[in-house]
Amino acid sequence: MPISVLNRRQLLALAGTATAAAFASRFAWADTSHAGHGAHTGHGAQPVGSGLDLDSDRWVLPEPRKIKLATNLNAVCLAPVAVADSQGIFKRHNLEVEFVNFGNSTEVLLESMATGKADAATGMALRWLKALEQGFDVKLTAGTHGGCLRLLTLDDGPKSFEALKGTTIGVTDMAAADKNFFSLMLKRHGVDPVRDVTWRVYPIDLLSVALEKGEIQAASGSDPLMYRVKQQPGFAELATNMIEEYANMSCCVVGVSGELARNDTPVAAAITHSILQAHAWASRNPDAVAEEFLKFAINTSKEEVHAILTEHTHGYYSVGNTFVKEIAVYARDLKNVEVLRPRTDPLEFAESIHADVFA
(Lines give C-alpha, C1' and ligand atoms only; values in the text may rest on other atoms or scores of the structure.)
Protein backbone atom coordinates (compact mmCIF):
# COMPACT_ATOMS: atom_id res chain seq x y z
CA MET A 1 0.00 0.00 0.00
CA PRO A 2 1.35 3.47 -0.75
CA ILE A 3 2.59 5.32 2.30
CA SER A 4 2.38 8.69 1.32
CA VAL A 5 37.06 13.12 18.44
CA LEU A 6 39.12 12.62 15.21
CA ASN A 7 37.69 9.20 15.52
CA ARG A 8 37.52 6.42 12.99
CA ARG A 9 34.15 7.61 11.75
CA GLN A 10 35.68 10.94 10.84
CA LEU A 11 38.52 9.15 9.12
CA LEU A 12 36.00 7.16 7.11
CA ALA A 13 34.45 10.46 6.10
CA LEU A 14 37.69 11.30 4.32
CA ALA A 15 37.21 8.45 1.83
CA GLY A 16 38.67 9.33 -1.52
CA THR A 17 41.54 11.37 -0.08
CA ALA A 18 45.10 10.18 0.34
CA THR A 19 44.53 10.02 4.10
CA ALA A 20 41.52 7.79 3.64
CA ALA A 21 43.34 5.57 1.15
CA ALA A 22 46.08 4.90 3.67
CA PHE A 23 43.53 4.33 6.40
CA ALA A 24 41.42 2.03 4.23
CA SER A 25 44.45 -0.12 3.51
CA ARG A 26 44.95 -0.71 7.23
CA PHE A 27 41.23 -1.10 7.85
CA ALA A 28 40.63 -3.67 5.11
CA TRP A 29 42.23 -6.58 6.89
CA ALA A 30 41.54 -5.23 10.05
CA ASP A 31 41.93 -4.13 13.48
CA THR A 32 43.26 -6.91 15.67
CA SER A 33 43.79 -4.65 18.68
CA HIS A 34 40.45 -5.49 20.31
CA ALA A 35 39.09 -2.69 22.41
CA GLY A 36 36.86 -3.27 25.42
CA HIS A 37 33.49 -4.83 24.75
CA GLY A 38 31.66 -1.56 25.25
CA ALA A 39 33.96 0.64 23.18
CA HIS A 40 32.23 2.80 20.62
CA THR A 41 31.78 6.42 19.78
CA GLY A 42 28.91 8.43 21.20
CA HIS A 43 25.31 7.49 20.48
CA GLY A 44 23.27 9.70 18.22
CA ALA A 45 26.24 11.45 16.61
CA GLN A 46 25.65 13.92 13.81
CA PRO A 47 26.08 12.52 10.29
CA VAL A 48 29.68 11.77 9.42
CA GLY A 49 29.48 9.06 6.83
CA SER A 50 31.84 8.49 3.97
CA GLY A 51 31.82 11.69 1.98
CA LEU A 52 28.40 11.82 0.30
CA ASP A 53 26.58 15.16 0.38
CA LEU A 54 23.26 14.25 1.96
CA ASP A 55 21.84 17.73 1.31
CA SER A 56 22.56 17.68 -2.42
CA ASP A 57 19.74 17.67 -4.99
CA ARG A 58 22.00 15.93 -7.49
CA TRP A 59 20.13 12.65 -7.08
CA VAL A 60 16.61 14.05 -7.43
CA LEU A 61 14.87 12.41 -10.37
CA PRO A 62 13.67 14.67 -13.20
CA GLU A 63 10.14 13.24 -13.05
CA PRO A 64 8.09 11.12 -10.63
CA ARG A 65 8.85 7.43 -10.45
CA LYS A 66 6.85 4.73 -8.66
CA ILE A 67 8.92 2.19 -6.78
CA LYS A 68 8.34 -0.70 -4.40
CA LEU A 69 10.48 -0.75 -1.27
CA ALA A 70 10.64 -3.99 0.73
CA THR A 71 11.40 -3.64 4.41
CA ASN A 72 10.40 -4.70 7.90
CA LEU A 73 8.12 -1.89 8.98
CA ASN A 74 8.13 -3.13 12.59
CA ALA A 75 11.92 -2.98 13.06
CA VAL A 76 12.86 -0.03 15.26
CA CYS A 77 16.28 0.32 13.63
CA LEU A 78 14.48 0.87 10.31
CA ALA A 79 12.09 3.45 11.76
CA PRO A 80 13.76 6.26 9.75
CA VAL A 81 12.81 4.45 6.54
CA ALA A 82 9.25 3.87 7.68
CA VAL A 83 8.72 7.57 8.41
CA ALA A 84 10.69 8.96 5.44
CA ASP A 85 7.57 9.23 3.32
CA SER A 86 5.61 11.30 5.81
CA GLN A 87 8.61 13.62 6.14
CA GLY A 88 8.58 14.20 2.39
CA ILE A 89 12.04 12.75 1.85
CA PHE A 90 11.03 10.34 -0.89
CA LYS A 91 8.77 12.91 -2.49
CA ARG A 92 11.62 15.43 -2.67
CA HIS A 93 13.50 12.87 -4.72
CA ASN A 94 10.48 12.43 -7.02
CA LEU A 95 9.87 8.92 -5.68
CA GLU A 96 6.38 7.55 -5.11
CA VAL A 97 7.00 4.69 -2.68
CA GLU A 98 4.89 1.65 -2.01
CA PHE A 99 6.13 -0.24 1.03
CA VAL A 100 6.08 -4.04 0.93
CA ASN A 101 6.41 -5.44 4.44
CA PHE A 102 8.26 -8.77 4.47
CA GLY A 103 8.92 -8.81 8.20
CA ASN A 104 11.89 -11.06 9.01
CA SER A 105 11.69 -13.24 5.89
CA THR A 106 15.05 -12.34 4.37
CA GLU A 107 15.06 -14.92 1.60
CA VAL A 108 11.60 -13.89 0.40
CA LEU A 109 12.63 -10.24 0.58
CA LEU A 110 15.76 -10.80 -1.50
CA GLU A 111 13.88 -12.96 -3.98
CA SER A 112 11.34 -10.18 -4.40
CA MET A 113 14.13 -7.87 -5.57
CA ALA A 114 15.84 -10.49 -7.69
CA THR A 115 12.58 -11.23 -9.52
CA GLY A 116 11.46 -7.63 -9.93
CA LYS A 117 8.61 -7.71 -7.39
CA ALA A 118 10.40 -5.00 -5.43
CA ASP A 119 12.90 -2.40 -6.59
CA ALA A 120 14.84 -2.00 -3.37
CA ALA A 121 14.98 -3.13 0.24
CA THR A 122 16.60 -2.47 3.58
CA GLY A 123 17.91 -5.11 5.96
CA MET A 124 20.85 -6.45 7.94
CA ALA A 125 24.14 -7.20 6.21
CA LEU A 126 24.85 -10.22 8.36
CA ARG A 127 21.53 -11.76 7.37
CA TRP A 128 21.89 -10.98 3.66
CA LEU A 129 25.46 -11.97 2.86
CA LYS A 130 25.04 -15.76 2.88
CA ALA A 131 22.00 -15.48 0.61
CA LEU A 132 23.85 -13.13 -1.73
CA GLU A 133 26.76 -15.57 -1.89
CA GLN A 134 24.26 -18.08 -3.27
CA GLY A 135 23.53 -15.84 -6.24
CA PHE A 136 20.52 -13.56 -5.74
CA ASP A 137 20.55 -10.82 -8.39
CA VAL A 138 20.71 -8.02 -5.83
CA LYS A 139 23.28 -5.27 -5.40
CA LEU A 140 24.14 -3.43 -2.18
CA THR A 141 24.44 0.34 -2.48
CA ALA A 142 25.06 1.69 1.05
CA GLY A 143 25.28 1.03 4.75
CA THR A 144 22.71 3.00 6.72
CA HIS A 145 23.59 2.90 10.43
CA GLY A 146 25.10 0.85 13.24
CA GLY A 147 23.56 -0.88 16.24
CA CYS A 148 20.50 -3.01 17.18
CA LEU A 149 21.94 -6.45 18.15
CA ARG A 150 22.39 -7.43 21.80
CA LEU A 151 23.80 -10.36 23.79
CA LEU A 152 22.28 -10.61 27.27
CA THR A 153 23.05 -12.67 30.36
CA LEU A 154 21.91 -12.64 33.97
CA ASP A 155 23.58 -10.28 36.44
CA ASP A 156 25.53 -13.22 37.88
CA GLY A 157 26.16 -14.80 34.46
CA PRO A 158 29.19 -14.76 32.12
CA LYS A 159 30.92 -11.40 31.84
CA SER A 160 32.96 -11.89 28.67
CA PHE A 161 33.03 -13.74 25.38
CA GLU A 162 35.76 -15.98 26.75
CA ALA A 163 33.52 -16.98 29.65
CA LEU A 164 30.90 -18.28 27.21
CA LYS A 165 33.03 -21.29 26.29
CA GLY A 166 31.06 -24.44 27.13
CA THR A 167 27.76 -22.58 27.56
CA THR A 168 24.44 -22.65 25.73
CA ILE A 169 23.26 -19.49 23.94
CA GLY A 170 19.65 -18.90 23.00
CA VAL A 171 18.75 -17.50 19.59
CA THR A 172 15.57 -17.09 17.57
CA ASP A 173 17.00 -18.32 14.27
CA MET A 174 20.18 -20.20 13.37
CA ALA A 175 20.70 -17.87 10.40
CA ALA A 176 19.88 -14.65 12.26
CA ALA A 177 22.14 -11.62 12.00
CA ASP A 178 22.68 -11.55 15.76
CA LYS A 179 23.69 -15.22 15.83
CA ASN A 180 26.17 -14.58 13.02
CA PHE A 181 27.57 -11.46 14.68
CA PHE A 182 28.12 -12.95 18.10
CA SER A 183 29.57 -16.08 16.48
CA LEU A 184 32.26 -14.01 14.82
CA MET A 185 32.92 -12.13 18.06
CA LEU A 186 33.32 -15.41 19.93
CA LYS A 187 35.84 -16.52 17.31
CA ARG A 188 37.80 -13.29 17.73
CA HIS A 189 38.01 -13.99 21.46
CA GLY A 190 39.24 -17.56 21.19
CA VAL A 191 35.93 -19.40 21.44
CA ASP A 192 34.95 -21.61 18.50
CA PRO A 193 31.27 -20.79 17.86
CA VAL A 194 30.72 -24.10 16.11
CA ARG A 195 32.36 -26.44 18.61
CA ASP A 196 32.79 -24.59 21.92
CA VAL A 197 29.22 -23.39 22.47
CA THR A 198 25.74 -24.80 21.92
CA TRP A 199 23.10 -22.71 20.15
CA ARG A 200 19.47 -23.36 21.03
CA VAL A 201 16.45 -21.88 19.24
CA TYR A 202 13.58 -20.28 21.17
CA PRO A 203 10.67 -18.02 20.29
CA ILE A 204 11.88 -14.49 20.94
CA ASP A 205 9.50 -13.89 23.83
CA LEU A 206 10.84 -16.96 25.66
CA LEU A 207 14.53 -16.06 25.58
CA SER A 208 14.40 -14.20 28.89
CA VAL A 209 12.44 -17.06 30.49
CA ALA A 210 15.05 -19.58 29.33
CA LEU A 211 17.78 -17.39 30.81
CA GLU A 212 16.04 -17.16 34.16
CA LYS A 213 15.49 -20.93 34.24
CA GLY A 214 19.16 -21.61 33.50
CA GLU A 215 18.41 -23.45 30.26
CA ILE A 216 20.76 -21.02 28.52
CA GLN A 217 23.56 -18.83 29.84
CA ALA A 218 23.19 -16.04 27.28
CA ALA A 219 20.53 -14.83 24.87
CA SER A 220 21.14 -13.23 21.50
CA GLY A 221 18.60 -11.08 19.68
CA SER A 222 17.65 -7.71 18.28
CA ASP A 223 15.71 -4.64 19.32
CA PRO A 224 13.17 -3.81 20.51
CA LEU A 225 12.70 -6.98 22.56
CA MET A 226 16.30 -7.31 23.71
CA TYR A 227 16.40 -3.65 24.71
CA ARG A 228 13.23 -4.28 26.72
CA VAL A 229 14.69 -7.34 28.46
CA LYS A 230 17.89 -5.57 29.45
CA GLN A 231 15.84 -2.96 31.32
CA GLN A 232 14.44 -5.63 33.63
CA PRO A 233 16.03 -6.37 37.02
CA GLY A 234 18.39 -9.32 36.99
CA PHE A 235 19.50 -9.03 33.35
CA ALA A 236 22.81 -7.68 32.06
CA GLU A 237 24.10 -6.74 28.62
CA LEU A 238 27.29 -8.60 27.79
CA ALA A 239 27.77 -6.99 24.39
CA THR A 240 26.14 -5.30 21.42
CA ASN A 241 27.27 -5.01 17.81
CA MET A 242 28.65 -1.58 18.66
CA ILE A 243 32.01 -2.97 19.78
CA GLU A 244 35.59 -3.10 18.53
CA GLU A 245 35.91 -2.20 14.84
CA TYR A 246 32.21 -2.90 14.31
CA ALA A 247 31.40 0.15 16.42
CA ASN A 248 32.41 2.18 13.39
CA MET A 249 30.67 0.19 10.68
CA SER A 250 27.21 -0.15 9.20
CA CYS A 251 25.09 -3.09 10.25
CA CYS A 252 22.08 -2.44 8.04
CA VAL A 253 22.23 -1.94 4.29
CA VAL A 254 20.30 -0.77 1.25
CA GLY A 255 19.92 -3.22 -1.61
CA VAL A 256 18.46 -2.75 -5.07
CA SER A 257 17.53 -5.21 -7.77
CA GLY A 258 20.38 -6.11 -10.07
CA GLU A 259 18.35 -4.92 -13.05
CA LEU A 260 17.75 -1.52 -11.48
CA ALA A 261 21.43 -1.14 -10.60
CA ARG A 262 22.48 -1.98 -14.17
CA ASN A 263 19.79 -0.27 -16.21
CA ASP A 264 18.38 2.57 -14.11
CA THR A 265 21.17 3.79 -11.88
CA PRO A 266 19.65 7.26 -11.26
CA VAL A 267 16.61 5.62 -9.66
CA ALA A 268 18.81 3.37 -7.52
CA ALA A 269 20.79 6.46 -6.46
CA ALA A 270 17.62 8.40 -5.61
CA ILE A 271 16.31 5.55 -3.47
CA THR A 272 19.61 5.13 -1.65
CA HIS A 273 20.13 8.87 -1.12
CA SER A 274 16.60 9.19 0.28
CA ILE A 275 17.15 6.40 2.78
CA LEU A 276 20.50 7.78 3.93
CA GLN A 277 18.95 11.23 4.26
CA ALA A 278 16.15 9.72 6.35
CA HIS A 279 18.61 8.13 8.77
CA ALA A 280 20.60 11.36 9.06
CA TRP A 281 17.40 13.26 9.78
CA ALA A 282 16.47 10.67 12.41
CA SER A 283 19.80 11.13 14.18
CA ARG A 284 18.94 14.81 14.65
CA ASN A 285 15.23 14.33 15.35
CA PRO A 286 14.74 11.11 17.35
CA ASP A 287 11.64 12.46 19.11
CA ALA A 288 9.86 13.16 15.84
CA VAL A 289 10.78 9.75 14.42
CA ALA A 290 9.65 7.98 17.58
CA GLU A 291 6.29 9.75 17.48
CA GLU A 292 5.73 8.98 13.80
CA PHE A 293 6.88 5.38 14.09
CA LEU A 294 4.06 4.54 16.48
CA LYS A 295 1.82 4.33 13.41
CA PHE A 296 3.72 1.22 12.34
CA ALA A 297 4.97 -0.34 15.58
CA ILE A 298 3.05 -2.52 18.03
CA ASN A 299 3.54 -2.94 21.78
CA THR A 300 5.97 -0.07 22.18
CA SER A 301 6.02 3.58 23.20
CA LYS A 302 7.51 6.84 22.01
CA GLU A 303 9.92 6.79 24.95
CA GLU A 304 11.16 3.29 24.14
CA VAL A 305 11.62 3.99 20.43
CA HIS A 306 13.49 7.21 21.22
CA ALA A 307 15.79 5.43 23.68
CA ILE A 308 16.58 2.66 21.20
CA LEU A 309 17.23 5.06 18.33
CA THR A 310 19.69 7.08 20.39
CA GLU A 311 21.64 3.91 21.23
CA HIS A 312 22.13 3.28 17.50
CA THR A 313 24.27 5.36 15.16
CA HIS A 314 21.80 6.69 12.60
CA GLY A 315 24.17 9.56 11.89
CA TYR A 316 26.69 7.18 10.33
CA TYR A 317 26.51 5.80 6.80
CA SER A 318 28.90 4.25 4.29
CA VAL A 319 29.04 4.30 0.50
CA GLY A 320 31.56 3.56 -2.24
CA ASN A 321 34.93 2.10 -1.28
CA THR A 322 34.29 2.58 2.43
CA PHE A 323 31.16 0.45 2.17
CA VAL A 324 32.96 -2.24 0.17
CA LYS A 325 35.67 -2.43 2.85
CA GLU A 326 33.02 -2.87 5.53
CA ILE A 327 31.27 -5.67 3.65
CA ALA A 328 34.64 -7.34 3.07
CA VAL A 329 35.35 -7.32 6.81
CA TYR A 330 31.99 -8.95 7.50
CA ALA A 331 32.59 -11.49 4.73
CA ARG A 332 36.04 -12.33 6.07
CA ASP A 333 34.72 -12.94 9.56
CA LEU A 334 31.68 -14.90 8.36
CA LYS A 335 34.06 -17.10 6.40
CA ASN A 336 36.12 -17.64 9.56
CA VAL A 337 33.04 -18.93 11.41
CA GLU A 338 32.04 -21.25 8.54
CA VAL A 339 29.02 -19.25 7.36
CA LEU A 340 30.47 -18.30 3.98
CA ARG A 341 32.24 -20.84 1.77
CA PRO A 342 35.96 -21.49 2.39
CA ARG A 343 36.78 -20.54 -1.21
CA THR A 344 35.03 -17.15 -1.06
CA ASP A 345 37.44 -14.24 -1.37
CA PRO A 346 35.99 -11.57 0.96
CA LEU A 347 37.07 -8.50 -1.00
CA GLU A 348 36.15 -9.94 -4.39
CA PHE A 349 32.80 -11.01 -2.99
CA ALA A 350 32.16 -7.56 -1.53
CA GLU A 351 32.98 -5.91 -4.84
CA SER A 352 30.77 -8.34 -6.77
CA ILE A 353 27.65 -7.56 -4.74
CA HIS A 354 28.19 -3.78 -4.63
CA ALA A 355 26.84 -1.14 -6.99
CA ASP A 356 28.40 2.31 -6.73
CA VAL A 357 25.30 4.25 -7.71
CA PHE A 358 26.85 7.59 -6.72
CA ALA A 359 29.95 7.29 -8.94
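The values are calculated or read from the model by the stated rules, or taken from the named source; none is laboratory data. Since the structure is predicted, the reported quantities are computational estimates derived from the model, not experimental observations. So basically every Cβ, Gly included, is an ideal-geometry build from the backbone, and we count neighbours across all protein chains shown. Quick note on the areas: whole protein, heavy atoms, side chains included, nothing else; ligands and nucleic acids left out. Shrake-Rupley method; radii C 1.70, N 1.55, O 1.52, S 1.80 Å.
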**Request:** For the range 149-240, report the translational diffusion coefficient in µm²/s to the nearest whole number, using Stokes-Einstein at 20 °C, 1.002 mPa s, and a Kirkwood Rh over Cα pairs.
**Result:** 170
**Prompt:** Which value, in debye to the nearest 20, gives the size of the charge dipole of the range 149-240 about its Cα centre, when Lys and Arg are +1 and Asp and Glu are -1 at the Cβ?
**Reply:** 200
**Request:** Multiply the residue gap between ASP156 and GLU98 by 0.36 nm, knock off their C-alpha separation, and tell me the result in nm, one decimal place.
**Result:** 16.1 nm
**Prompt:** The list [x] 16.5; [y] 19.7; [z] 18.5 gives values of mean projected area of the Cα convex hull in nm², and only one came from this structure; which label was calculated from it?
**Reply:** [x]
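If you count the DSSP beta bridges with both ends in the chain, what percent of them are antiparallel, to the nearest 5?
Antiparallel bridges: around 60 percent, rounded to the nearest 5.
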**Fill in**
With all protein chains present and a 1.4 Å probe, the order of THR168, THR115, THR300 from largest accessible area down is THR115, THR300, THR168
**Using θ = phi - 60° and Karplus 6.51 cos²θ - 1.76 cosθ + 1.60, couplings along the range 329-346 (whole Hz; Gly, Pro as x)** = 5, 4, 4, 4, 6, 5, 5, 5, 9, 6, 8, 8, 5, x, 7, 5, 8, x
**Request:** Over the chain, average the accessible area per residue using a 1.4 Å probe and give it in Å², no decimals.
**Result:** 40
**Request:** Work out from phi, with θ = phi - 60° and the Karplus expression 6.51 cos²θ - 1.76 cosθ + 1.60, the ³J(HN,Hα) of each residue of the range 133-143, listed in order in whole Hz, and give x for Gly and Pro.
**Result:** 4, 7, x, 4, 7, 9, 10, 8, 10, 6, x
**Request:** Could you check how much of the accessible area of the range 149-240 is carbon and sulfur, as a whole percent, using a 1.4 Å probe?
**Result:** 50
**Alpha-carbon centroid distance for the pair the range 289-359 / the range 158-185, whole angstrom** = 19
**Item:** Stretchable slack from LYS91 to GLU107, in nm (0.36 nm times residue separation minus alpha-carbon distance)
**Value:** 2.9 nm
